[in-house]
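Trainee: Below you'll find the structure I mean.
The values are calculated or read from the model by the stated rules, or taken from the named source; none is laboratory data. Please read these numbers as outputs of a predicted model, since none were measured by experiment. Cβ sites come from the backbone with ideal geometry, for glycine too, and all protein chains shown count toward neighbours. Remember, those area values only see protein heavy atoms, side chains included, never the ligands or the DNA or RNA. Shrake-Rupley method; radii C 1.70, N 1.55, O 1.52, S 1.80 Å.
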Amino acid sequence: MIHDIWTVVWKEWQEFRDQLLSLRRGGLSALILALILGVVAPVQLGAEWVESRLIIGYWPFLAATMVSSLIADSVAGERERHTLETLLASRLSDSAILIGKIIAAVMYGVGFAVANLAIGLIAVNVAHGENGLILFAPQRFMVTIVFTILASLLMAGIGVFISLRASTVKQAQQAFGIAIIVLTMGPLLLFNALSYETRTAFIARLGRVGETRIEAYVVAGLFVLSAIVIAGALARFKRGKLVFD
Amino acid sequence: MPNGPELAIRAEHVTRDFGPVRALDALSLEIPKGIVFGFLGPNGAGKTTAIRVLLGLIDPSAGHAEVLGLDTRRDGSAIRTRCGALLEHPGLYERLSAYDNLDFYGRAWRIPRGDRQERIRELLTRFGLWERREDPVGRWSRGMKQKLAVARAVLHRPALVFLDEPTSGLDPVATAGLREDLAALAAQEGVTVFLTTHNLNEAERLCAQVGVIRGGKLLAVGSPEQLRARGDSGRVDILTTGITEELVRHLAGLPDVRTATASGDHLAVSLSNGASVAPIVAWLVQHEVGVEEVRKVRATLEDAFLDLMGAETTNGEAAGGTT
Ligand SMILES: Nc1ncnc2c1ncn2[C@@H]1O[C@H](COP(=O)(O)OP(=O)(O)OP(=O)(O)O)[C@@H](O)[C@H]1O
Ligand SMILES: [Mg+2]
């Protein structure tokens, strides 16, 4: 099983590499954009860049967005390009194929976010490091990484469902755009819809709970959610249920 | 009779519906090991669906099938491990090189690294693709892709290969080459080949047995000779003197005459099923046409096939069950 999963990961990476480096598909421009953001933002923000709370959300967002585009390509794309049926006719099991695809996308997305983070760290130190090294607080760093991995897993799981419903990569990516907006803006809008009293009470409550605890809750929540979504995706991704046309 | 080891495929009343469409209709089939079997039938006959059922990719709605002694419903994974397949689409990763395409499937079948490299080299060389192995497959011609897909199907030396229209897109030289390769595979390595094709000439030359399917029903099965013998070509060549265009037109209008064409003194007449040529000759003589020679044209597999198709059509299209 592990061997089979790894075989699928290997194949996906060969394809991702091509997708990323292909100018035509806009892959390279996305890469350049992310690198510029990874350099410009830290240089402008300075120490704030490693201390700001908001920035915690940046890498998970970056990785999840990347994963969404990779999963669309690897699930909806494999179908659109008529390679899925041949793959399913091989000796690889459904779950080895799907887990391989998810791991490949998540590792790629997380790897990309971590590279981005490392570049940012170098940039911020080159630009503002005159008074000693600027580093993340260890806990903040760990939490960011864990968030990034979980957000990517969740996105990959959701992506499988979206991609199986879409008949083309384009359709899948459009659906993803909506999903990302709903996932990021949804909670904010919901929060704003609450009455002023409820909101202040909620914030006061959060303050009492403490940052570490909140982070732990979010991690647990994301973990459970992505486990459910991925289990669902595994149940959905079965030869007999995939109709070929 | 229990499924002896000599049977590669055994299907019993396999039916498969897609909503209102009955793609396979009580299909029963027994295919011995080590032969090339050709599955013939018009578009939408159910050939691809049959392959999908046999590989356990979809379940039959009713009936039961065994491949290499394994149940398609229960042991799909074991079947796929022992089989190779070229399905409706070549299924190649166009962004990967030809080599990497084969390498991936070689890994999937867990062929050890050294053997894998050797086997890939052997197959690419045999198909004349070795020089272009580093090209992304997307830049290849259709026929080259088709050859690569066949190479992929036999890469892991499966006991049984399914090939859905393997020669589509191949030039005549490549077709002949593939035919030889498949024949050699069956003869030397004991591989059973199950292929579908629209090329009757090819089926006749290559297949030890053919099955004819239409509307999901098996109409006939046997060796090409057996099928040919069943099919009366219904065609006669008549060497005449003094045939005119007008007479040919008249002749074509006679009962039992399907078509009649003349080029010079050669008259080619196609008769409907079982009709005798004698009344035609009498009619010609009566119209003062000299009849020098009458020769029945030997039936080809194509005639037998068209015969079967024709019989089905006249028996009513409704039997087909396709849209
Ligand atoms: N996934 C599907 N959903 C709905 N109908 C299907 C599906 N697959 C096949 N069919 C129907 O089943 C019938 C048989 O199709 P199949 O693809 O097996 O034919 P075929 O013999 O392979 O034809 P061709 O020579 O054109 O490849 C057709 O009427 C087709 O429309
Ligand atoms: Mg077909």
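Trainee: Among B:Ile58, B:Ile31, B:Ile35, which is closer than 17 Å to B:Asp164 by Cα, within 16 Å of ligand 2 (Cβ to nearest atom) and of a type in the set (Val, Ile, Thr)?
Mentor: Being closer than 17 Å to B:Asp164 by Cα, within 16 Å of ligand 2 (Cβ to nearest atom) and of a type in the set (Val, Ile, Thr) holds for just one of B:Ile58, B:Ile31, B:Ile35, which is B:Ile58.
Trainee: Moving on to the next point. Looking only at the range B:104-118, count how many residues are within 30 Å of the chain's Cα centre (by Cα) and facing chain A (nearest Cβ under 9 Å).
Mentor: Qualifying residue count, the range B:104-118: 4.
Trainee: Can I ask one more? Can you list the strands (runs of 3 or more DSSP E) lying wholly within the range B:13-90 that have 1 or more residues being within 12 Å of ligand 1 (Cβ to nearest atom) and assigned by TED's automatic domain parsing to the domain that holds B:Gly215? Steps first, please.
Mentor: Details: elements: B:21-32, B:36-40, B:62-67, B:83-86.
It comes to B:21-32, B:36-40.
Trainee: Would you point out the residue of the range B:51-84, among those that are open to solvent by 10 Å² or more (accessible area, probe 1.4 Å) and facing chain A (nearest Cβ under 8 Å), that is nearest to the chain's Cα centre (by Cα)?
Mentor: Here the answer is B:Arg52.
Trainee: While we're looking at this one, here's another question. Assuming A:Ser74 fulfils every condition listed in (1) crowded, with 24+ Cβ neighbours inside 10 Å; (2) touching a Ser or Thr at 6+ places or on another chain (Cβ under 7 Å); (3) closer than 30 Å to B:Glu94 by Cβ apart from one, which condition is it?
Mentor: Condition (2) is where A:Ser74 drops out.
Trainee: Related question: Determine which member of the set A:Gly186, A:Gly207 is open to solvent by less than 30 Å² (accessible area, probe 1.4 Å) and assigned to a helix (DSSP H, G or I).
Mentor: A:Gly186
Trainee: B:Leu40 passes all but one of (1) touching a strand residue (DSSP E or B) at 6+ places or on another chain (Cβ under 7 Å); (2) surrounded by fewer than 24 Cβ atoms within 10 Å (Cβ to Cβ); which number fails?
Mentor: Against the list (1) touching a strand residue (DSSP E or B) at 6+ places or on another chain (Cβ under 7 Å); (2) surrounded by fewer than 24 Cβ atoms within 10 Å (Cβ to Cβ), B:Leu40 comes up short only on (2).
Trainee: Within the range A:44-55, can one find any residue that is crowded, with 24+ Cβ neighbours inside 10 Å and part of a helix (DSSP H, G or I)?
Mentor: Looking through the range A:44-55, none of the residues is crowded, with 24+ Cβ neighbours inside 10 Å and part of a helix (DSSP H, G or I).
Trainee: Right, something else. Can you run down the residue pairs with Cβ atoms below 6 Å, 6 or more apart or on separate chains, where the first is in the range B:92-103 and more than 7 Å from chain A (Cβ to nearest Cβ) and part of a helix (DSSP H, G or I) and the partner is of a type in the set (Phe, Trp, Tyr) and crowded, with 20+ Cβ neighbours inside 10 Å?
Mentor: B:Asn101/B:Tyr93
Trainee: Sticking with this one: With a cut-off of at least 3 residues that are modelled with pLDDT of 85 or more, over 18 Å from the mean Cα position of the chain (by Cα) and not hydroxyl-bearing (Ser, Thr, Tyr), name the strands (runs of 3 or more DSSP E) lying wholly within the range B:217-323.
Mentor: Fully inside the range B:217-323 and qualifying: B:235-241, B:257-263, B:266-271, B:290-296.
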